[in-house]
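Colleague: Could you have a look at this structure, given as structure tokens, before my questions?
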């Protein structure tokens, strides 16, 4: 189906635009093919992986590899790979869907899967020439070979472009000789192919190479890392000593490695986000089952208000995160399709499509990785002393979740990136951010009430509240930029506060739009409405808190008083919802179903 350009939202544009429920994609929109794929992945996890969880925890890397090979046989490694390179050629949303339900296994297997299908394969799919793609991608797509991504070094983590690994052109000019050390390399213990980043001479930017893992070619692996979690994910250091790489195995062009790394990470971020979802569903379901079975004071603990509070929050964060992930994934897929219609080849279309929504990718990564950590933490609390035992699933779930806030760029880095990229798009003229800021300031000065340009049938007051929260963000961001100008990005605490506001607005709006869309087409969504209202209330409190922190830092005197007054007006509820009743209705539904049921 042709996608009209006028209907496509730009990356980051959600913050300055009133978005329609009809414009977003929801999990209820999955096609029959996608539903079949989802069920196939769930069946595979339930049959092959989950029953053998203990083997993963005992660091059985051979078993991880065998499960990966089975995933390859079922086509799960090839979902997003073009058909002419041995893949299934399915869209971006379908590739996210597989990542989502793979996460229902363990963090170990999910990490191995994500490292291979994402940063281990995609750089060649997106940047390789035809010869490289024909030579390597079919083997990666089938699971005959497994890929690994060698970027991080002891002195180059978040500052990825500062790596010291060198690539020196051989005397016969037919090879590059790579020497250096890489660390935290996922899948290194069973990888067949490495994407290696190294610097040629004194180039400003690093270069990327495709390197088969051949120990006889100057490649040595360190011992398996002794990690907090993801125990069955092989993680090693990789050492290169004049490893010979044919010049034709340079990936893309000289000096393009940093760009390749950053674009691969954009994909990795949203895939990491969606890969937290089924892990959340499993944690919630395990917690509820335990709460229904655990008797204290002659009563199942699921009936206690303190436990209901936790279950409601856990379920709400999962529903909202799911809404945000698939909304962003479909926006990316729509952009890719449109770029292809304009004549771009598959490689360039996918690169530009994902790059367009780099802001959303960072938002998704931060929000969902923190939600699964909080969910697992509450799961331990519901289990009580048993939750601290390695004999229950909560302990490993908590440990596995912790890495999500670190890899694919730490959450601190991604918070600052999201706001920084938004401002850069504005300065380039790609987003009309500053004009909208001035309009918002004018409206607040005049004390005008917010109205919806596109009225909806339900949850109207909630959508007005979203619009008001956007005004708070825009006014706060505009004031901060006015104060700091080109020095803005040096003020990390301000950037992080603005990012927290941005995340909450995107997630809250995604859940509301999903719920409204489904109600409008006749679905019964009372509990989804409750979760949307609950999340919005809590998002409003976070936005208010962060705005006050920032305004207190950037304003003085009468100006500060006026801004704070405006912020309070936009964040207040004229009709305060009964939050405790919302939580009880949500938790009662989950407790009755004895599982996550949304």
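The values are calculated or read from the model by the stated rules, or taken from the named source; none is laboratory data. The shown structure was predicted, so the numbers you read here are calculated from the model rather than taken from an experiment. Here the Cβ positions follow ideal geometry from the backbone for every residue, glycine too, while neighbour counts run over all protein chains shown.
Colleague: Just checking, does the range 359-377 include any residue being in contact (Cβ under 8 Å) with a residue 24 or more places away in the chain, part of a helix (DSSP H, G or I), touching a helix residue (DSSP H, G or I) at 6+ places or on another chain (Cβ under 9 Å) and farther than 22 Å from residue 280 by Cα?
Modeller: Yes, there is a match, as at least one residue in the range 359-377 is in contact (Cβ under 8 Å) with a residue 24 or more places away in the chain, part of a helix (DSSP H, G or I), touching a helix residue (DSSP H, G or I) at 6+ places or on another chain (Cβ under 9 Å) and farther than 22 Å from residue 280 by Cα.
Colleague: Just to confirm my filter: which strands (runs of 3 or more DSSP E) fall fully inside the range 127-196 and include at least 3 residues that are crowded, with 24+ Cβ neighbours inside 10 Å? First the steps, then the outcome.
Modeller: Numbers: elements: 147-150, 166-169, 175-186.
Correct list: 147-150, 175-186.
Colleague: Still on this structure, please answer the following. Quick test for you: out of 469, 495, 459, 536, pick the one residue that is at positive phi and touching a helix residue (DSSP H, G or I) at 6+ places or on another chain (Cβ under 6 Å). Walk me through how you get there before you give the answer.
Modeller: On the way: 469 fails: at positive phi; 495 fails: at positive phi; 536 fails: at positive phi.
After ruling out the rest, the residue left standing is 459.
Colleague: Moving on. On the basis of being within 21 Å of residue 337 (Cα to Cα) and assigned to a loop (DSSP other than H, G, I, E, B), does residue 80 make the cut? Reasoning before the result, please.
Modeller: Working: within 21 Å of residue 337 (Cα to Cα): yes; assigned to a loop (DSSP other than H, G, I, E, B): yes.
Criteria met by residue 80.
Colleague: Just a yes or no: is a residue in the range 374-396 outside the structural domain of residue 160 (by TED's automatic domain parsing), closer than 29 Å to residue 149 by Cα, surrounded by fewer than 24 Cβ atoms within 10 Å (Cβ to Cβ) and under 16 Å from the mean Cα position of the chain (by Cα)? Walk me through how you get there before you give the answer.
Modeller: If we filter the range 374-396 for residues that are outside the structural domain of residue 160 (by TED's automatic domain parsing), which is where we start, we get 374-396.
Now restrict to residues that are closer than 29 Å to residue 149 by Cα: 374, 376, 395-396.
Filter once more, so that each one left must be surrounded by fewer than 24 Cβ atoms within 10 Å (Cβ to Cβ): 374, 395-396.
Remaining after also requiring under 16 Å from the mean Cα position of the chain (by Cα): 374.
Yes, the conditions are met somewhere in the range 374-396.
Colleague: Right, something else. Being surrounded by 23 or more Cβ atoms within 10 Å (Cβ to Cβ), within 30 Å of residue 452 (Cα to Cα) and touching a residue at least 60 places away in the same chain (Cβ under 8 Å), is that true of even one residue in the range 13-23? I'd like the intermediate steps shown before the answer.
Modeller: Quick first cut of the range 13-23, residues surrounded by 23 or more Cβ atoms within 10 Å (Cβ to Cβ) only: 14.
If we keep only those that are within 30 Å of residue 452 (Cα to Cα) too, we end up with 14.
Those left that are additionally touching a residue at least 60 places away in the same chain (Cβ under 8 Å): 14.
So far as the range 13-23 goes, yes, one or more of its residues are surrounded by 23 or more Cβ atoms within 10 Å (Cβ to Cβ), within 30 Å of residue 452 (Cα to Cα) and touching a residue at least 60 places away in the same chain (Cβ under 8 Å).
Colleague: Quickly run through the range 530-558 and pick out the residues that are under 24 Å from the mean Cα position of the chain (by Cα) and buried (at least 22 other Cβ atoms within 10 Å of the Cβ). Can you show your working first?
Modeller: At the first step, the residues of the range 530-558 found to be under 24 Å from the mean Cα position of the chain (by Cα) are 531-543, 546.
Answer for the range 530-558, where residues must be under 24 Å from the mean Cα position of the chain (by Cα) and buried (at least 22 other Cβ atoms within 10 Å of the Cβ): 531, 532, 533, 534, 535, 536, 539, 540, 543, 546.
Colleague: May I pose another question? Look through 350, 360, 309 and report the one residue that is over 14 Å from the mean Cα position of the chain (by Cα) and either buried (at least 21 other Cβ atoms within 10 Å of the Cβ) or on the phi > 0 side of the Ramachandran plot (or both). So that I can check it myself, show each step before the final result.
Modeller: Numbers: 360 fails: over 14 Å from the mean Cα position of the chain (by Cα); 309 fails: either buried (at least 21 other Cβ atoms within 10 Å of the Cβ) or on the phi > 0 side of the Ramachandran plot (or both).
Just one listed residue meets the conditions, 350.
Colleague: Within the range 94-113, is even one residue surrounded by fewer than 24 Cβ atoms within 10 Å (Cβ to Cβ), at pLDDT below 95 and either part of a helix (DSSP H, G or I) or over 20 Å from the mean Cα position of the chain (by Cα) (or both)?
Modeller: no
Colleague: Still on this structure: Do we find that residue 232 is assigned by TED's automatic domain parsing to the domain that holds residue 219, crowded, with 24+ Cβ neighbours inside 10 Å and either out of contact with any strand residue (DSSP E or B) (no Cβ under 7 Å at 6 or more places or on another chain) or at pLDDT below 95 (or both) in this structure? Break it down stepwise before answering.
Modeller: Values: assigned by TED's automatic domain parsing to the domain that holds residue 219: yes; crowded, with 24+ Cβ neighbours inside 10 Å: yes; either out of contact with any strand residue (DSSP E or B) (no Cβ under 7 Å at 6 or more places or on another chain) or at pLDDT below 95 (or both): yes.
Spelling it out, residue 232 is indeed assigned by TED's automatic domain parsing to the domain that holds residue 219, crowded, with 24+ Cβ neighbours inside 10 Å and either out of contact with any strand residue (DSSP E or B) (no Cβ under 7 Å at 6 or more places or on another chain) or at pLDDT below 95 (or both).
Colleague: Give me a count of the residues in the range 211-223 that are outside any strand (DSSP E or B) and touching a strand residue (DSSP E or B) at 6+ places or on another chain (Cβ under 6 Å).
Modeller: The initial filter retains those residues of the range 211-223 that are outside any strand (DSSP E or B), namely 213-218, 222-223.
Those still in the list that are touching a strand residue (DSSP E or B) at 6+ places or on another chain (Cβ under 6 Å) too: 213, 217-218, 222.
Result for the range 211-223: 4.
Colleague: Here's another thing I want to ask about it. Return the residues of the range 415-460 that are within 23 Å of residue 513 (Cβ to Cβ), without any contact (Cβ under 8 Å) to a residue 12 or more places away in the chain and in a helix (DSSP H, G or I); say none if nothing qualifies.
Modeller: Within the range 415-460, 439, 460 meet the criteria.
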